[in-house]
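The values are calculated or read from the model by the stated rules, or taken from the named source; none is laboratory data. Keep in mind that what you see is a predicted model, and the values were worked out from it rather than measured. Because the Cβ atoms are built from the backbone with ideal geometry, glycine has one as well, and the counts that use them run over all protein chains shown. All accessible areas refer to the heavy atoms of the entire protein, side chains included, with ligands and DNA or RNA removed. Shrake-Rupley method; radii C 1.70, N 1.55, O 1.52, S 1.80 Å.
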Amino acid sequence: MMISARVLSGGVSTHSTLLFVLAAVAVVIAVRWVASRTGLPAAALLPLIGIAYALLPGPNVGLDPDLVLMVVLPPLLYSAALDSSLLDIRRNLRIVVSLSVVLVLLTGLLVGVGFHLFVAGATLAAGIAVGAAIAPPDPVAALAVGRRVNLPPKMVTIIQGEGLLNDATALTMLSVAVAAAVGGTFSFPAAIGQFVLAAAGGIAVGVVVARAKRLVRPLTADPLLSNAISLATPFVAYLLGEALHVSGVLAVVVAGLIVGHQTPQFGSGAARLQTNAVWRLVDFLLEGFVFLLIGQQLPAVVRGLRQYETSTIVIAVAVSVGVVLLLRPAWLILTQWLPRSLHTRLGGVAEQDDTDDPDAARRLGGVDRNARGLTSREVVALSWSGTRGVISLAAIFTLPLTTNSGDPFPDRDLLLFCTFVVVLVTLVGQGLTFAPLVRMLGLRADEKDQARVRNEARSAAVEAALARLDTVAAEEPDSTVAVDTTRAQLQTRLARYRGRLDLIEQSGSSELPTSPEYETALRIRRTVLEAQREELLRWRDSGRLPDEELRVLERELDHEELLLPKRAPG
């Protein structure tokens, strides 16, 4: 849990550190269990528990920004990129760039100007530094809630794409602002040049790493080797980017998007299943730890506030929170309204596509629906999805203690406190209310449309397999029996998929239809699998089946069960 002798206050033994880590794991598991039953996001509950622990006597965990940025951030970003759709992000690229680049830059600049104008003694560079830290949303909480309430895929893509790209923008902006605050000079052209160079270089490094991963493709047939390479890839991309003085964060994201897009072509099935399971565990533990870590920073950020007047603190917090909460909806509304007058919808196409009518939205279909502009309900939901997280805290904790002249970094403690308040307000406030807001707006993915697309694709895949069987039968006359057996299995599967499609088409409701016959078939298949497992265990317990062979047969049944849908008729 990112604990070291320097991180844990009071110097504790290895035994105590291990107990501390196990206690943290227990808390993360307990909160996940509570969240799954109450609907409350774990990302909002964990910081509150962290604050409660920080107020208790005893050792506390401090945030090591270098460790967060180098050890925690790369795997989280890489995993999110693997899980994203390169094609969907490209379809929505304009609005993703609008939020992850333009809005982040505007947030940082506006916070900086606000500090310079209204906070006594604050410099523009210091204000831009805190603005850069609080500008990038951390989409973990919003995505967790969004998937639970079945947010439309377009919305998930936008939130996911924004979260992947905005960290690179913010961290580059932060480095420029810190350099200006430390050195006392600022050159706007030089800052723009540094930003463009860092972004372009990060993209290039990401492409190189993704291509290099293809060179080791023969090794990925082994699931263990594939997992080892996958876990190492984000760190290779990040360290290479930082070594070349470009954006290591962007290198990780680009590498993850390309690798995730190419994995179905080059990876083996066993490797994909195991890699997916490993990354889910990594995400679960890292995300749980970092959200606990957020709450435990309260003593550190409050400790240095005694030197400031209460009015100065209130004004600084008001500027920070106000810009973060108000600029995002204003920007979304502006970017949806302004291009309309120019007949070039930002992130969309024709003007008539901007509708709240669900039937009209469904008629857009597939790619066109992804290309249309945002509806008013989607704008409201996106406005409330900008939760901040540990990256903001890690970024602000990287501020140096002194400037080049030896003077203390201007208002460092105040900047830390403002960042902590913004993270807490958005993560807890927006995190806890995002699900009710989405339900109130009636934003839901079209389950019928999703099931239709899945079963059309399944049918097309089976038809391609049947066509390939005809080729095999013609080329290998001795394979008649095997071909006929396989063909019969595929035709049965094709009939099942077409039956689901007919059921979906015949349903007059917008809800996903259910079939009693199909539900019964699923229940029977699960019952049969359970009976097989029980018999295998009886064989093992009686000494007729070695444990090693039991695990092989159990794995076969597990894969068969994995193919069963969680609900019919998807």
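Tabulated values for the structure
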| item | result |
| --- | --- |
| Residue check for T387: among the hydroxyl-bearing types (S, T, Y) and outside any loop (DSSP other than H, G, I, E, B) | no |
| Every residue from segment 192-226 that is surrounded by 18 or more Cβ atoms within 10 Å (Cβ to Cβ) and either in contact (Cβ under 8 Å) with a residue 60 or more places away in the chain or among the small types (G, A, S) (or both) | A198, A199, G201, G202, G206, A210, S226 |
| Index of the failed condition, L151 passing every other in (1) touching a residue at least 40 places away in the same chain (Cβ under 8 Å); (2) within 24 Å of D283 (Cβ to Cβ); (3) in a helix (DSSP H, G or I); (4) of a type outside the set (S, T, N, Q) | (3) |
| Test: A133 is modelled with pLDDT of 90 or more and either within 30 Å of P408 (Cβ to Cβ) or not β-branched (V, I, T) (or both) | yes |
| Total residues in segment 65-75, condition at pLDDT below 90 and buried (at least 20 other Cβ atoms within 10 Å of the Cβ) | 4 |
| Test result for V113, free of Cβ contacts under 8 Å to residues at least 60 places away in the same chain, under 26 Å from Q450 (Cβ atoms) and surrounded by fewer than 22 Cβ atoms within 10 Å (Cβ to Cβ) | no |
| Cβ pairs under 9 Å, 6+ apart, first in segment 19-41 and more than 24 Å from V149 (Cα to Cα), second among the hydroxyl-bearing types (S, T, Y) and open to solvent by less than 80 Å² (accessible area, probe 1.4 Å) | V27/Y53 |
| Test: residue in segment 97-111 that is in contact with an Asp or Glu (Cβ under 6 Å, 6 or more places away or on another chain), within 22 Å of G373 (Cα to Cα) and either at pLDDT below 95 or not small (G, A, S) (or both) | yes |
| Number of positions in segment 505-557 that are modelled with pLDDT of 80 or more and of a type in the set (G, A, S) | 4 |
| Qualifying residue in segment 165-180 (condition: under 16 Å from V96 (Cα atoms), assigned to a helix (DSSP H, G or I) and in contact with a Leu (Cβ under 6 Å, 6 or more places away or on another chain)) | yes |
| Boolean, G406 is crowded, with 23+ Cβ neighbours inside 10 Å, of a type outside the set (A, V, I, L, M) and at pLDDT below 90 | no |
| Filtered residue count, segment 19-39, keeping only those that are open to solvent by 70 Å² or more (accessible area, probe 1.4 Å) and modelled with pLDDT under 90 | 4 |
| Some residue of segment 181-189 being at pLDDT below 90, outside any helix (DSSP H, G or I) and either hydrophobic (A, V, I, L, M, F, W, C) or buried (at least 19 other Cβ atoms within 10 Å of the Cβ) (or both) | yes |
| Matching residues in segment 509-558 - criterion: being under 19 Å from T492 (Cβ atoms) and either in contact (Cβ under 8 Å) with a residue 60 or more places away in the chain or not in a helix (DSSP H, G or I) (or both) | S515 |
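Here is a yes/no grid of residues against (1) surrounded by 14 or more Cβ atoms within 10 Å (Cβ to Cβ); (2) more than 22 Å from V209 (Cα to Cα); (3) of a type in the set (K, R):
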| position | (1), (2), (3) |
| --- | --- |
| V252 | yes, no, no |
| Q265 | no, no, no |
| A270 | yes, yes, no |
| D283 | yes, no, no |
| L286 | yes, yes, no |
| L293 | yes, yes, no |
| Q296 | yes, yes, no |
| R306 | no, yes, yes |
